[in-house]
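Heads up: the structure comes next, in structure tokens.
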Amino acid sequence: MKSPNPFWLASAPPTDKKINVERAFRAGWGGVVWKTLGENPPVVNVSSRYGAVGWNGQKMMGFNNIELISDRTLEVNLAEIKEVKRNWPDRAMIISLMVPCQEENWKNILKKIEDTGADGIELNLGCPHGMSERGMGAAVGQVPEYVEQVTRWCKAYTRMPVFVKLTPNITDIRMPARAAKRGGADAISLINTINSIVGLDLERMSPVPHVGGRGTHGGYCGPAVKPIALNMVAEIGRDSETRGIPISGIGGISNWRDAAEFMALGSQNVQVCTAAMHYGFKIIEDLTSGLSNWMDSQDYRCLQDLIGKALPNVVHWNELDLNYKSIAKIDQSQCIHCGLCYVACEDTSHQAIEKKSALSGLSQSFHSNYEVKNDDCVGCNLCALICPADCIEIVPQETGKDYLPWTRHPQNLLRT
Amino acid sequence: MKEPLFCELKAPLDARSAKVESSRCYYCYDAPCIQACPTQIDIPSFIRKISNDNLLGAAQDILRANVMGGTCARVCPVEVLCQSACVREIGEDKSVEIGRLQRFATDQFFESAQPQMEKIFQRAPANGKKVAVVGAGPAGLSAAHGLAVLGYEVTVYEARAKAGGLNEYGLAPYKVTSEDIQREVNWILGVGGIELRLNSALGIDFTLDHLRTSYDAVFLGLGLHAFRSLGIPGEDRDGVYDAARFIERIRQAPRVADLPVGRTVVVIGGGSTAIDIAIEMKQLGAESVTIVYRSSEEKMSATSHERELARNQGVVIRSHARPTQIFGKPNGSHSVEFERTDRCTGERFELPAEQVFKAIGQTLETRQWWGQTQLHLTASGRIAVNEEFETSVPGVFAGGDCIAPGDDLTVSAVQQGKLVAQAIHAQLNPMEKGEVKDGRSHLSDRRSEISQSFLAGFSTSNG
């Protein structure tokens, strides 16, 4: 399977039709996962489909939808897919699929997909709303045995590579991942969206988005879900059973740095949706040039040098060094005297920052100075995280002590 | 309503811009902006409330600390007060626009269908005591309001036909309109317990002796109504005006078109009044307006922001020159002769002027106002007061521009009025605390009610 860059558009509204996908390819996207196809008759969608969480003036920190799979007929989609693939042979064309959980249904649709010349299929075992109530999507993805079975059927009835897209609405992501691998999956895509009520309309007393004054849970995505996705990608990359299976990383990827993080945790490529829905397809320019420039600056010659590079450093808590010590250091020359570090530490952490009275001199007389009490600081990072001037650094301290994990700590009664 | 005659130099924020701007506030701890505000408005709190669509809460924060928060939002020199202390000013040379956000919050409140006083203040039951307030300017109205909230019966004596003092008669019309001021005055009076007697002048219609015998306490918020003179030949010519008096004419004129506007205007002085009259004359159509100040520009009491505002309106500012004589010309115009103060040569130059405005400060009017009562004055000729704003005569308090030291700011006058109300209350009720009740106790009751019902629900669900 070929793709000129590792950035694909995830199966979603941006990949619903020929017109969208060709615009994406013209903009420079490496591939698409076509919006999920189902059997005829197509689903019916509601009016009012998306909701979002903004934060402090920023839009779309989190995004959710109550849309279903493609609401166009299978024939229309297949014809367009065939045409687009013929027009853009160098781009990856993966077709997302969701049909009832029976062998015959999967067998039938796979034949039709192969005729389009598409490069692969992605099994949508993750959609958390609407389709799951009909026994598809997340209803399958939440049962490892079903995941394995469906994967196995697909591998049996097509020679196309099979991506299995997992739902995060599950306790341990390794279970469906292992099942997909047992079923013969060529790759795993994750995460699908997370069950969510993105907000309430307090006047209507209805969830948003609302459909005539009532709402339903939807699938959550966007920048807010990235941390959940990164953890799940890392879990699969570290698991002895699933380690090494190609991963297509999904979840809030908005810029090249997000993509690099997913890749460093083992993703072979990444899929993007919310950022494109927010800003349009042009963001591919920054994704590709940003990743490329950063890789050059770090002497990574190819993506394979980067992929999985951080995995060895993702460890169990028990393996962390309890003798490692760091403390906060405030760069007084950059401090803007907002006092946020002080009140956060004083009210909610370790009382390790001291407030000192105003400087002399008229212009500064309203501003206090803040200094770290080195002996009380536990290096928790809170002050550095909230500092709006980025003037607090957490500095590693030389302790002269050896590595000491909890497994060997004197206070651990079960130490080895 | 009169047509707006002057364009507002600082446009109000719309709801969207207010929301964006409010998101810039870091919600500092022990915020420097609060300390830089003479009335100590909890600025981060009201901004956070704007950000969270709690506009009534924002208005409560502002108006409880500063009952004239609406006017102050428009006229405060924020660039040397709250905004100068904003940490964004340190970080990026661009403070949060506190003044405009405050205006947004207060405008939203006053423009609401019925700006209810009881949403902000609730008056205590009448306590049977009476206080006289002389002067319905910022200090007097603030004191009267504070006292009324505490349950006093307050009589406000105002020499002029309208309340508001310098807010009504002295502020630049491109900053605040008479409609804004009267709306605020009416709202303040709306707390109840305040009787306003217009056209009643101290020393003419009543005396201080009379007030002292008829009231439990007296507050003097007189302002400054005598004008300094240059003491140079030609000062009394027609076409030479006291700037503050002319600003009053501009503000009160039924038809601004009837006011005399010279093509060439010279303003003598270096404070806010000089800037205001210069900009007003420019906006009224003067071709050239020149402010002349005796020392360096940095020593002008007008802030650099104000000077820039004037320059943007086309006003020329000349420093280091003091006027020596005003000549008349046959065509009725004038010429002002100046001596340069930065040369020891005594070099002189003349500026032609159809109108000359003196903006060199005002002083306490020294008519025989007091009757038998004699008040001590300071060396600068203002009323001397102690830390409680009490004058040399027990029971007589003073505040605002008529006391020393003064910074001649509306916001300081409001704060002094607020403190005077507490001081009078403390003096008349030595056993009680002088805190102004503001309905907060009501809110905290409500809060505990909510938390109790929450706890009740919690215990039920745990059955």
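The values are calculated or read from the model by the stated rules, or taken from the named source; none is laboratory data. Since this is a predicted model, take the numbers as computed values, not measurements. Heads up, the Cβs are rebuilt from the backbone with ideal geometry, glycines too, and the neighbour counts pull from every protein chain shown.
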Looking across the stretch A:139-175 at residues that are farther than 19 Å from A:T36 by Cα and among the basic types (K, R), the single one that is farthest from the chain's Cα centre (by Cα) is A:R159
Just for strands (runs of 3 or more DSSP E) wholly inside the stretch A:31-72: which have at least 2 residues that are within 14 Å of another protein chain (Cβ to nearest Cβ)? A:50-55, A:58-65
Could you run through the stretch B:79-95 and say how many residues are modelled with pLDDT of 95 or more, more than 11 Å from chain A (Cβ to nearest Cβ) and closer than 20 Å to B:A172 by Cβ? 1
Report yes if some residue within the stretch A:50-66 is buried (at least 20 other Cβ atoms within 10 Å of the Cβ) and over 22 Å from the mean Cα position of the chain (by Cα); otherwise report no. no
When residues of the stretch B:43-60 are filtered for being free of Cβ contacts under 8 Å to residues at least 24 places away in the same chain and either more than 14 Å from chain A (Cβ to nearest Cβ) or of a type in the set (S, T, N, Q) (or both), how many remain? 4
Regarding the stretch A:241-251, can at least one residue be identified that is assigned by TED's automatic domain parsing to the domain that holds A:V32, surrounded by fewer than 17 Cβ atoms within 10 Å (Cβ to Cβ), in contact (Cβ under 8 Å) with a residue 40 or more places away in the chain and touching a helix residue (DSSP H, G or I) at 6+ places or on another chain (Cβ under 8 Å)? yes
Filter the stretch B:269-309 down to the residues that are assigned to a loop (DSSP other than H, G, I, E, B) and buried (at least 22 other Cβ atoms within 10 Å of the Cβ), then identify the one that is farthest from the chain's Cα centre (by Cα). B:Y293
Within the stretch A:327-351, how many residues are in contact (Cβ under 8 Å) with a residue 12 or more places away in the chain and facing another protein chain (nearest Cβ under 9 Å)? 10
Quickly run through the stretch A:360-390 and pick out the residues that are within 12 Å of chain B (Cβ to nearest Cβ), surrounded by fewer than 19 Cβ atoms within 10 Å (Cβ to Cβ) and at pLDDT 95 or above. A:I386, A:P388, A:D390
Go over the candidates B:C37, B:C28 one by one and state the one that is buried (at least 19 other Cβ atoms within 10 Å of the Cβ) and under 21 Å from the mean Cα position of the chain (by Cα). B:C37
May I ask you to list the residues in the stretch A:111-152 that are polar (S, T, N, Q), out of contact with any helix residue (DSSP H, G or I) (no Cβ under 8 Å at 6 or more places or on another chain) and either outside the structural domain of A:P209 (by TED's automatic domain parsing) or farther than 13 Å from A:M98 by Cα (or both)? A:Q149
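Quick grid of which residues meet (1) among the small types (G, A, S); (2) in contact with a strand residue (DSSP E or B) (Cβ under 9 Å, 6 or more places away or on another chain); (3) in contact (Cβ under 8 Å) with a residue 24 or more places away in the chain; (4) in the same structural domain as A:C335 (by TED's automatic domain parsing):
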residue: A:N369; (1), (2), (3), (4): no, yes, yes, yes
residue: A:V372; (1), (2), (3), (4): no, yes, yes, yes
residue: A:D376; (1), (2), (3), (4): no, yes, yes, yes
residue: A:G379; (1), (2), (3), (4): yes, yes, yes, yes
residue: A:C383; (1), (2), (3), (4): no, yes, yes, yes
residue: A:A389; (1), (2), (3), (4): yes, no, yes, yes
residue: A:T399; (1), (2), (3), (4): no, no, yes, yes
residue: A:Y403; (1), (2), (3), (4): no, no, yes, yes
Can you tell me which residues in the stretch B:2-39 are free of Cβ contacts under 8 Å to residues at least 60 places away in the same chain, part of a loop (DSSP other than H, G, I, E, B) and within 14 Å of chain A (Cβ to nearest Cβ)? B:S23, B:Y27, B:C28, B:Y29, B:D30, B:A31
Any residue at all in the stretch B:141-153 that is surrounded by fewer than 22 Cβ atoms within 10 Å (Cβ to Cβ) and more than 21 Å from the chain's Cα centre (by Cα)? yes
